[in-house]
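A.B. asks: Below is a structure I'd like to ask you about.
The values are calculated or read from the model by the stated rules, or taken from the named source; none is laboratory data. Just so you know, these numbers come straight off a predicted model, no measurement behind them. Glycine also receives a Cβ, built like all others from the backbone with ideal geometry; neighbour counts cover every protein chain displayed. Just the protein is used for accessible areas: all its heavy atoms, side chains included, with ligands, DNA and RNA removed. Shrake-Rupley method; radii C 1.70, N 1.55, O 1.52, S 1.80 Å.
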Amino acid sequence: FAELAAGLDIWAKKLRANYYPTFFNEQTGWLAGWRCKNDKLHDYAFITINGAAISNGLINDAPAKAIMRRLWEEAQRVGMPDPALGIPVSLWPIPDDDLSEIQHGFPFGYYGNGGLSTAQARHLVNALYRVGMIAEADYVLKRICKSLGEAVLFGGAKSGVDGRCWDGWPCGYEGLMTDQFGILATALDRYQTHARAKPALASL
């Protein structure tokens, strides 16, 4: 394992030093999804991509907080649905030129083009906690956990409930994706201390 890990600390430092200047979009105030070979930023308000970068410490505290605040405000402006069914892949429509061919011709909100999913929701919630947006993070986390507890986010093979349109209609294909459950790690981090502090029923 030591051989596999050799140089990773150097790579991590380079990644952190270059991530923000490479992907920050001055026109929107948040991170773009990618920069193509033509040196063009492709930015459709990818709320979970920004969340992943921030929750993993790639962005310094001050710009991280500004980014999450802008994205949250944009989510409210565009009418992001109740997060009980997941978080949009993007807040803005993605044109066919930036989508895989199988996604062409479908409207915004369908699967990879802004569809709802809990698969990457943990990144958004963790980022909100990291920048101190506790109320917003708690809101998203509680809504998703409620749906998980009620088995709303579970489905059989090809049921499509791993992805939802903004009106709640299934638009996925697998029915169940294992990374949907990543949000549970966030929930445990947030609430296990409170749970341990509660007195046992026998002592009441």
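A.B. asks: Per residue, how much accessible surface does the stretch 1-53 expose to a 1.4 Å probe? Answer in Å², no decimals.
C.D. replies: That works out to 68 Å² per residue.
A.B. asks: What base-10 log of the normalised intensity I(q)/I(0) is obtained for the chain from the Debye formula, alpha carbons as equal point scatterers, at q = 0.09, 0.13, 0.15, 0.18 Å⁻¹?
C.D. replies: Evaluating at q = 0.09, 0.13, 0.15, 0.18 Å⁻¹ gives log10 I(q)/I(0) of -0.39, -0.78, -1.00, -1.30.
A.B. asks: Among the listed pairs Lys13/Lys142; Lys40/Lys158; Lys14/Lys40; Lys14/Lys37; Lys13/Lys146; Lys65/Lys158, which have their C-alpha atoms separated by more than 29 angstrom in this model? Provide the component values of the computation, followed by the final result.
C.D. replies: Numbers: Lys13/Lys142 34 Å; Lys40/Lys158 36 Å; Lys14/Lys40 21 Å; Lys14/Lys37 20 Å; Lys13/Lys146 38 Å; Lys65/Lys158 39 Å.
Over 29 Å Cα-Cα: Lys13/Lys142; Lys40/Lys158; Lys13/Lys146; Lys65/Lys158.
A.B. asks: Any idea how far apart Ala135 and Tyr20 come out in nm if each label point goes 7 Å out from Cα toward Cβ?
C.D. replies: Each label point is offset 7 Å from its Cα along the Cβ direction, giving 2.7 nm.
A.B. asks: With all protein chains present, calculate the accessible area of His123 using a 1.4 Å probe and round the result to the nearest 10 Å².
C.D. replies: Accessible area, nearest 10 Å²: 30 Å².
A.B. asks: Efficiency by 1/(1 + (r/R0)^6): what FRET value for Tyr173 and Trp11, r their Cβ-Cβ distance, R0 = 41 Å, to the nearest 0.05?
C.D. replies: Computed FRET efficiency for Tyr173 and Trp11: 0.75.
A.B. asks: Could you report the stretch 127-182's accessible area per residue, 1.4 Å probe, as an integer in Å²?
C.D. replies: Value for the stretch 127-182: 49 Å² per residue.
A.B. asks: So, one more: Per DSSP helix of 4 or more residues, -39500 (n - 2.57); summed, then divided by the residues of the chain. What does that give at 222 nm, rounded to the nearest 500?
C.D. replies: Calculated mean residue ellipticity at 222 nm is -13500 deg cm²/dmol.
A.B. asks: Mind ordering 4-11, 36-43, 175-182 by average Cβ neighbours within 10 Å, highest first?
C.D. replies: 175-182, 36-43, 4-11
A.B. asks: Follow-up question, since we're still on this one. Could you give me D for the stretch 66-178, from Stokes-Einstein at 25 °C and 0.890 mPa s, where the hydrodynamic radius is the Kirkwood radius over C-alpha pairs? Units µm² s⁻¹, please.
C.D. replies: 170
A.B. asks: 5 Å is the cut-off here: which amide hydrogens, built 1.01 Å from N in the peptide plane, fall below it relative to Tyr110, excluding neighbours closer than 5 in sequence?
C.D. replies: The answer is Gly115.
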